[in-house]
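Values quoted throughout were computed directly from the atomic coordinates according to the rules given, and no laboratory measurement underlies them. Quantities reported herein were computed from a predicted structural model and do not represent experimental measurements. Heads up, the Cβs are rebuilt from the backbone with ideal geometry, glycines too, and the neighbour counts pull from every protein chain shown.
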């Protein structure tokens, strides 16, 4: 089964692992840290490269014992001379060599780099080039607490989507939606829609209807079967009782703007409305919250009749946060 090293934004590890398990066939995790995961999967490479929360993806071609980098490069060069591990797609293509150790790009000793480059040239017929331009990239990668250097081919991915200031990043929005297990017949709601990052992410899977609500909206993209409401999440007067299957949302955290009592009152009223609009059996709720607020919000879930089935700790721009996962029924 092919092996891949997948890199993602630091702090999202457990959420990425959960997302990959839902999106990739026959997934087996060999190693994971806070910004990378080494997996075995039969999923098509096109699928891997299309995942919005993946920053870089490498097809692992070989590996050697981790130690001094120059010695590892020499061992890789010897192995390439003895075996045909490089893909046919690299034949005749110019290539670059890159080296990353514990998340940092580094240089390599020139003689060792040249030995590896010559071995690649001999097997592919391509020529090494210094920077930019057409061609392929071969990487030697070492990760903390993993005792091998990985030698891999970097897979080509679409350019990352720019994120508006203050908006939820597309990778995190997608992972939150995946945590809610989207289904084809969902009526989906984000009651704190803002710029629409979560609704946009949910639109990538089949659905019956999308609803985004907020007191203030800015730049919500137009997608099919989308209902846009300028309404307070504490009331949502236009949404009928028991009409929503799935809610994914990032409400205000109010860590500094208000006192705890005000926040609890705000969240209690919001949760009462979410319970009202959710169908009473099999509905799903995913909520992003500051880790500081998460215990009190989890208690309010229970008091309001919501079941908390899971909690995943992440970092959002370096800030500790929690993803609360549950629902009704």
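Overview of values
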{"item": "Cα-based equivalent ellipsoid, the chain: semi-axes from gyration tensor eigenvalues, Å", "result": "46, 19, 17"}
{"item": "Sequence of 263, 58 once ranked by neighbouring C-beta atoms within 10 Å, starting from the fewest", "result": "263, 58"}
{"item": "Label-to-label distance, nm, for residues given as residue 241 and residue 292 (7 Å Cα→Cβ offset)", "result": "3.8"}
{"item": "CD proxy at 222 nm, helix term only [per DSSP H run n ≥ 4: -39500 (n - 2.57); per residue of the chain; nearest 500]", "result": "-8500 deg cm²/dmol"}
{"item": "Cα-based Kirkwood hydrodynamic radius, the range 170-328, one decimal, Å", "result": "15.5"}
{"item": "Antiparallel bridge percentage (DSSP; both residues within the chain; nearest 5)", "result": "65"}
{"item": "Tilt relative to the chain, helix 69-82 - C-alpha long axis, 0 to 90 degrees, to 10", "result": "70"}
{"item": "Simple spin-label estimate for residue 40 and residue 209 in nanometres, 7 Å along Cα-Cβ", "result": "4.7"}
{"item": "Crossing angle, helix 110-124 versus the chain [Cα axis fit, 0-90 degrees, rounded to tens]", "result": "90"}
{"item": "Stokes-Einstein translational diffusion, the range 3-154 - Kirkwood Rh over all Cα pairs, 1.002 mPa s, 20 °C, in µm²/s", "result": "134"}
{"item": "Net lengthening on full extension, residue 269/residue 79 (0.36 nm per residue, minus Cα-Cα)", "result": "62.0 nm"}
{"item": "Per-pair calculated FRET efficiency, R0 = 22 Å: residue 281 and residue 230 via Cβ, rounded to 0.05", "result": "0.15"}
{"item": "Highest-MSF residue in the chain out of 120, 247, 106 [GNM, Cα springs under 10 Å]", "result": "106"}
{"item": "Cα-based helix-to-principal-axis angle, 13-23 vs the chain, degrees rounded to 10", "result": "90"}
{"item": "Cα→Cβ-extended label distance, 7 Å offset, between residue 181 and residue 68, nm", "result": "5.4"}
{"item": "Cβ-based exposure ranking for 98, 1, in which fewest neighbours within 10 Å come first", "result": "1, 98"}
{"item": "Chain lengthening between residue 302 and residue 118 when straightened (0.36 nm per residue, less Cα-Cα)", "result": "59.9 nm"}
{"item": "At R0 = 45 Å, FRET efficiency that the Cβ-Cβ distance of residue 49 and residue 255 yields, to 0.05", "result": "0.75"}
{"item": "290, 50 arranged by Cβ crowding within 10 Å, fewest neighbours leading", "result": "50, 290"}
